[in-house]
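First the structure, in the form of structure tokens, and then the observations on it.
The values are calculated or read from the model by the stated rules, or taken from the named source; none is laboratory data. None of these values were measured; they are calculated from a predicted model. With ideal geometry, Cβ positions are generated from the backbone for all residues, glycine too; neighbour counts draw on all protein chains shown.
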Amino acid sequence: MGNAAGSAEQPASPAALAPKQPAAPKQPMPAAGELEERFNRVLNCMNLPPDKVQLLSQYDNEKKWELICDQERFQVKNPPAAYIQKLKSYLETGGASRKVAADWMPNLGFKRRVQESTQVLRELEISLRTNHIGWVQEFLNEENRGLDVLLEYLAFAQCSVAYNMDATDNGAPGSEKSKPLEQSVEDLSKGPPSSLPPPTKSRHLTIKLTPAHSKKALRNSRIVSQKDDVHVCIMCLRAIMNYQSGFSLVMNHPACVNEIALSLNNKNPRTKALVLELLAAVCLVRGGHDIILSAFDNFKEVCGEQHRFEKLMEYFRNEDSNIDFMVACMQFINIVVHSVENMNFRVFLQYEFTHLGLDLYLERLRLTESDKLQVQIQAYLDNIFDVGALLEDTETKNAVLEHMEELQEQVALLTERLRDAENESMAKIAELEKQLSQARKESETLRERFSESTPMGTSRRSSEPEKVPALAPARPSALELKVEEMEEKGLIRILRGPGDEVSIEILPVAVAIPSGSEAPTPGAPTGSPSSASELPPVAEPAPGAVPPPPPPFLRRPRRLRERGKGREDGGRGGASGFTALQNLMSVGLLWPPACLVCPRWARVGLLPAIPPPTAPVPTPSVSGVKAKKPIQTKFRMPLLNWVALKPNQITGTVFTELNDEKVLQELDMSDFEEQFKTKSQGPSIDLSALKSKAAQKAPSKATLIEANRAKNLAITLRKGNLGADRICQAIETYDLQTLGLDFLELLTRFLPTEYERSLITRFEREQRPIEELSEEDRFMLRFSRIPRLPERMNTLTFLGNFPDTAQMLMPQLNAIIAASMSIKSSDKLRQILEIVLAFGNYMNSSKRGAAYGFRLQSLDALLEMKSTDRKQTLLHYLVKVIAEKYPQLTGFHSDLHFLDKAGSVSLDSVLGDVRSLQRGLELTQREFVRQDDCVVLKEFLRINSPVMDKLLADSKTAQEAYESVVEYFGENPKTTSPSMFFSLFSRFIKAYKKAEQEVEQWKKEAAAQEAGTDIAGKGEPQAPKSPPKVRRQQMDLISELKRKQQKEPLIYESDRDGAIEDIITVLKTVPFTARTGKRTSRLLYEASLGEEIPL
């Protein structure tokens, strides 16, 4: 790697500068197993992320072998111990150790050795940056302690700076102020240094020099400090911090960050810029800000500052010739001030720099020519907290919040008023629509009466002289002939009375019974043998055959019907004659006696129906169910999780026909027991013993209700917080104020079942003491004694729910009435539909023929039909035509009321609720009849009976109005719900309004375009298309609110390798701004993912 380019060995001699030898020949590829092992070893040394490792693992053997050869060619030549030994040799005598110098380099003078030490540090930095992670970890391990040695050398290089500062300030190197400078450095060699932080909060200031560091060493370090040793040491520390493990070691070291901060005293501006960039990156890591401030506190004590950051501001003002340093310094100040989360702390740090003259100096730098410096200055100014402005904003915010609360209260009040006014207007409109409809009906009735009275008399008078003469007697019908024939045979006798009255008398006859029949035909009289032979024999139908249809003469002839209705002259076939004919048919003279099935014409009322014979169906009774005994099994069997039916639940079911005991007798269940027995088997169960034990261990308390039900009842009673007597008394007196509607609805679930009532009856019959019962059972016992308990509970629930339900239903009914009647009575809407029909026929009649109407859903098609240029729809064109030719129709939608509200109503549900209220009121009335002394019921009926009457009337009106308007527009009210019907008109009105706006906008654009042509000819620019000023102010307000709400600054986690380099790189491109901290963090993350790791 990088270590191959320059090692820690002796510098190359001139002889070594000869041309390079050609590359060694390629070695032969080893076996597959050895190749894979060496390849894995190389991958482990490269410290690659998992995705790169997976990518390299997919190489073929040739590429793997080339990668192995390349890695071995750049094999690390010097271990970390070599660099550590050489650095220690400089520390022993200030770089003048003859013994060490004799071992590894010639004595070429001190300045030459300083140059070589700089080269060694450069090679160390390259090795730390490019070698594999194992080499770096070896450099930092407990045995080598490379970080401590590197920091000790950095402290040695910086001693000359402190020495020079002391001499400059006091005139002599041995003044009193030199003592704290010498004592401010702590020796790592005195004790075993620990990489963990000390237990106390205070951090060691820095590294002390050993007594061996003499004045001569300090003088020698001046030469060291004039070179790049400090800069390269910082580069080495930066390379170490780029690894996750190295960063943790540096951050936990008691003096590492302090030494880096002290490097700001170096005279090289490039070194200062490097230090500030590294410290700014550390400041953005979680927990790094406190370490940085602690380092500058140490800097203040070591360098004798009166105020923290004093030297930094001094360098910032004096080093105005180096733009890179000024940019790094401004960036560091911005981050160290505005990267904290505590707003008060930010203001404190901000004031520190303001006190040091930063604001005045930034005012001087306002006109700087450097774009980079201007960006950093602007970022700092954007992050500044103006406490006065914030206080003013807070006061304004409080005033705005109070004003907003007042406005919200006003809005709520106005909304309530609007709702009430809307409901009142809806009720008034519905009432007016009902009156209008009634008036129209009365007008139609009067018009019909008038039209009937006037032309009817003239028509009668004109028709009287034109009466045709009486028709000639028609041909007698078959029925009349049959009646005459029966009269001739003596079966009937026709008697004629005054006023052309006719009566038919049936003579007794005897009907012959066919052979083989066991019973006479029902309805056939016996005792007339003379007429029996005259009747034709009738064959019996086969079993299952369809009975023959009735003979044609059984129908009443049209002529006979006409005569029975209005014939004035005498004759047969009158009403009385037809009645007699029915009597004949009823006794079986006119249809076959074997026809036991009632004819179809008898079912419609012409003849009395003859019921077919029915066989009696046996109905089993509950008392007839045989009691079943429990089955004792040989082994313990698992339980089948089924829901069993009780004996009273199987009446009329298939289970009454089943006999499971017979099945068990037929089967051998031993095999079943062997295969399905439970795994844990105890001794065989003795039922008698169990019964005796159960008798001995009787429960202490009797139970009337099931356990879970009792538990839920206990919870409900605790919610009510009332005693059983008080609850039952409130139910008996219909006291809703005591119970409450919610508690009453919960209590309704615990009405006693039939089974529980039987247990209660048995308990009372046995006269057992009530102390045996639990609290829930006692309540159930008292609860069940209330007479007509279900009716009372239903009545109480109805009393509580009626006002709210009626209040909810009334506006819905009014909305349906108002919307339906307004749509039906709108002349403008009819004309609009007429125009649509005209345009539709114009377009379709040539191909599909003329239409006489259309479905309302066809209105949606107006938006789908587009013009040839696809710029407008048919609806846009209709809007233009109506605006030009029919301007009186433009506001047709103002005649239609409450379409949206009516569209949200489910009429079937509303009508169902009204019927439910009616049933509830009837139940309440019945309860009042039984208990007429109840004041609550009497007052409720007095107040709410008129409300119920109005609800019933409105529900009937709403249903009639809705069905009428739906049928009026050609729809089916049974399949068309209000949501479908009214939404059609709502969509059409919205589309019509939108089309009106678009047409108006097109007209304005056309007019502006015509005017713009003239303006463009004069060279004046057109109006910008940017949003208006109000919109821009709103966007600025929104962005300001987002900035105010942004609280969390950029905090970066150093949980991976390369984090420090990523932060430094991104900070050079994106200036730190507190309000965009999250966005910067995202950029850092994306930048870290986007970088390619070199192989």
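When Ala819, Ala815 are checked against the criterion of being surrounded by 15 or more Cβ atoms within 10 Å (Cβ to Cβ), in contact (Cβ under 8 Å) with a residue 40 or more places away in the chain, assigned by TED's automatic domain parsing to the domain that holds Pro887 and touching a Leu at 6+ places or on another chain (Cβ under 6 Å), a single residue qualifies: Ala819. Taken over the range 231-289, the criterion of being assigned to a loop (DSSP other than H, G, I, E, B) and among the hydroxyl-bearing types (Ser, Thr, Tyr) is satisfied by Tyr243 alone. Entry remark, the range 43-63: residues being outside any helix (DSSP H, G or I), touching a helix residue (DSSP H, G or I) at 6+ places or on another chain (Cβ under 8 Å) and at pLDDT 80 or above number 1 in total. Kindly check whether there is at least one residue in the range 833-848 that is of a type in the set (Val, Ile, Thr), in the same structural domain as Ser964 (by TED's automatic domain parsing) and either touching a Ser or Thr at 6+ places or on another chain (Cβ under 7 Å) or in a helix (DSSP H, G or I) (or both). Yes; the residues of the range 833-848 include at least one that is of a type in the set (Val, Ile, Thr), in the same structural domain as Ser964 (by TED's automatic domain parsing) and either touching a Ser or Thr at 6+ places or on another chain (Cβ under 7 Å) or in a helix (DSSP H, G or I) (or both). Among the residues making up the range 964-973, those that are more than 18 Å from Asp900 (Cα to Cα) and touching a helix residue (DSSP H, G or I) at 6+ places or on another chain (Cβ under 9 Å) are Ser964, Tyr968, Phe969, Gly970, Glu971, Asn972, Pro973. Quick check: is even one residue across the range 101-113 at pLDDT 85 or above, in the same structural domain as Ile240 (by TED's automatic domain parsing), assigned to a helix (DSSP H, G or I) and basic (Lys, Arg)? There is no residue in the range 101-113 that is at pLDDT 85 or above, in the same structural domain as Ile240 (by TED's automatic domain parsing), assigned to a helix (DSSP H, G or I) and basic (Lys, Arg).
Residue count for the range 752-803 under the criterion of being part of a helix (DSSP H, G or I) and either touching a Gly at 6+ places or on another chain (Cβ under 7 Å) or not β-branched (Val, Ile, Thr) (or both): the result is 35. Starting from residues that are loosely packed, with under 14 Cβ neighbours inside 10 Å and among the small types (Gly, Ala, Ser), keep the ones in the range 980-1014 and report whichever is farthest from Ala818 (Cα to Cα). Among residues in the range 980-1014 that are loosely packed, with under 14 Cβ neighbours inside 10 Å and among the small types (Gly, Ala, Ser), the one farthest from Ala818 (Cα to Cα) is Ala1011.
Within the option set Val282, Val336, Val302, being over 23 Å from Asp359 (Cα atoms) and within 48 Å of the chain's Cα centre (by Cα) holds for one residue only, Val282.
Among the residues examined, Phe385 does not qualify as more than 12 Å from Pro1071 (Cα to Cα) and without any contact (Cβ under 8 Å) to a residue 40 or more places away in the chain. Here Ala958 fulfils each of the conditions (1) more than 40 Å from the chain's Cα centre (by Cα); (2) modelled with pLDDT of 90 or more apart from (1).
In this entry, Val285 passes the filter for residues that are more than 15 Å from Ile234 (Cβ to Cβ), buried (at least 18 other Cβ atoms within 10 Å of the Cβ) and out of contact with any Lys or Arg (no Cβ under 9 Å at 6 or more places or on another chain). Just wondering, is there one or more residues in the range 903-911 that are hydrophobic (A, V, I, L, M, F, W, C) and in contact with a Gly (Cβ under 9 Å, 6 or more places away or on another chain)? Checking the range 903-911: not a single residue is hydrophobic (A, V, I, L, M, F, W, C) and in contact with a Gly (Cβ under 9 Å, 6 or more places away or on another chain). For the range 763-792, a tally of residues being without any contact (Cβ under 8 Å) to a residue 40 or more places away in the chain and surrounded by 12 or more Cβ atoms within 10 Å (Cβ to Cβ) returns 3.
The residue pairs whose first member lies in the range 237-260 and is at positive phi and modelled with pLDDT under 90, whose second member is in a helix (DSSP H, G or I) and surrounded by 20 or more Cβ atoms within 10 Å (Cβ to Cβ), and whose beta carbons are closer than 7 Å, counting only pairs six or more residues apart or on different chains, do not exist in this structure. Does at least one position in the range 351-363 carry a residue that is in a helix (DSSP H, G or I) and closer than 29 Å to Ala1059 by Cβ? For the range 351-363, residues in a helix (DSSP H, G or I) and closer than 29 Å to Ala1059 by Cβ: present.
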